[in-house]
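Q: Can you keep this structure in mind? I'll have questions shortly.
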Amino acid sequence: MKKMHPWALGISAFIVLFLIVTITVVILVSQQDYHLVTKDYYEKDLSYQNEIDAKRRAADTGSRPVVSVDRAAKTCVLQFPEGKDYSGITGTATLFRISDARQDHSTPIALNSEGMQHISVSSFPAGQWILKLRWKEGGKEYSLDERVYLSE
């Protein structure tokens, strides 16, 4: 009987281990559920310059609202700048859950006479969210993305 060399056994063990790890990674990756930020991402990409302009407009002018979280009332508070005609502001406020797209929530912007809106987040799980505000004011579009942290 011929004796097997230890280096041949080591190479064989390495190849077998490498194949097992590779197959395991392929199986795990193929079972992963990937949530896209939006279903129609290609169409959104084509109109991305409009999005850039809307974000720049919101940053450059005095139209940028202040976003805060009232932990006691479990609401997300939008405060638009004073001295505006709030009835002319229309749009949507969308809370995106980074880890699960099924929990995304969108609501129309409906400001009170003081330029504020309270969005109830009492049923939302704690963690990091992205608030995407899209609104029109005076015929121009504005856009703002804010990270919001909700707690229990």
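The values are calculated or read from the model by the stated rules, or taken from the named source; none is laboratory data. Keep in mind it's a predicted model, so treat the numbers as computed, not measured. Glycine gets a Cβ as well: all are built from the backbone with ideal geometry, and neighbour counts include every protein chain shown.
Q: Give the number of residues within the range 132-152 that are more than 13 Å from ARG64 (Cβ to Cβ) and in contact with a Leu (Cβ under 7 Å, 6 or more places away or on another chain).
A: Residues that pass the stated criteria total 1.
Q: Across the range 112-127, what is the number of residues that are closer than 23 Å to ALA54 by Cβ and either of a type in the set (Ser, Thr, Tyr) or assigned to a strand (DSSP E or B) (or both)?
A: 3
Q: For the subset of the range 55-72 comprising residues that are touching a strand residue (DSSP E or B) at 6+ places or on another chain (Cβ under 7 Å) and of a type in the set (A, V, I, L, M), which member is farthest from LYS136 (Cα to Cα)?
A: For the range 55-72, the residue satisfying everything is VAL69.
Q: State the number of residues belonging to the range 111-132 that are surrounded by 13 or more Cβ atoms within 10 Å (Cβ to Cβ) and closer than 23 Å to GLY88 by Cα.
A: Matching residues across the range 111-132 total 8.
Q: Right, something else. Against the conditions (1) crowded, with 16+ Cβ neighbours inside 10 Å; (2) of a type outside the set (Ser, Thr, Tyr); (3) more than 20 Å from GLU146 (Cα to Cα), where does VAL26 fall short? Just the number, please.
A: (1)
Q: Quick check on ARG57: is it surrounded by 12 or more Cβ atoms within 10 Å (Cβ to Cβ) and in contact with a Ser or Thr (Cβ under 8 Å, 6 or more places away or on another chain)?
A: On the way: surrounded by 12 or more Cβ atoms within 10 Å (Cβ to Cβ): yes; in contact with a Ser or Thr (Cβ under 8 Å, 6 or more places away or on another chain): yes.
Taking the combined requirement at face value, the residue satisfies it.
Q: From the list VAL77, VAL66, pick out the single residue that is over 20 Å from LYS44 (Cα atoms) and surrounded by 15 or more Cβ atoms within 10 Å (Cβ to Cβ).
A: On the way: VAL66 fails: surrounded by 15 or more Cβ atoms within 10 Å (Cβ to Cβ).
Result of the check over VAL77, VAL66: VAL77.
Q: Kindly evaluate ARG102 against the criterion of being within 16 Å of TYR142 (Cα to Cα), of a type in the set (D, E, K, R) and either surrounded by fewer than 12 Cβ atoms within 10 Å (Cβ to Cβ) or touching a strand residue (DSSP E or B) at 6+ places or on another chain (Cβ under 8 Å) (or both).
A: no
Q: Looking at ILE20, ILE11, ILE15 in this structure, which one is surrounded by 10 or more Cβ atoms within 10 Å (Cβ to Cβ), assigned to a helix (DSSP H, G or I) and at pLDDT below 95? Even if it seems obvious, please write down each step before you answer.
A: On the way: ILE20 fails: at pLDDT below 95; ILE15 fails: at pLDDT below 95.
That would be ILE11, the only listed residue that is surrounded by 10 or more Cβ atoms within 10 Å (Cβ to Cβ), assigned to a helix (DSSP H, G or I) and at pLDDT below 95.
Q: Out of curiosity, is TRP135 surrounded by 13 or more Cβ atoms within 10 Å (Cβ to Cβ), under 14 Å from the mean Cα position of the chain (by Cα) and not in a loop (DSSP other than H, G, I, E, B)? I'd like the intermediate steps shown before the answer.
A: Details: surrounded by 13 or more Cβ atoms within 10 Å (Cβ to Cβ): yes; under 14 Å from the mean Cα position of the chain (by Cα): no; not in a loop (DSSP other than H, G, I, E, B): yes.
When the stated conditions are applied, TRP135 does not pass them.
Q: For the range 34-111, which strands (runs of 3 or more DSSP E) that fit wholly inside it have 2 or more residues that are modelled with pLDDT of 85 or more and of a type in the set (A, V, I, L, M, F, W, C)?
A: Output list reads 66-70, 75-79, 90-97.
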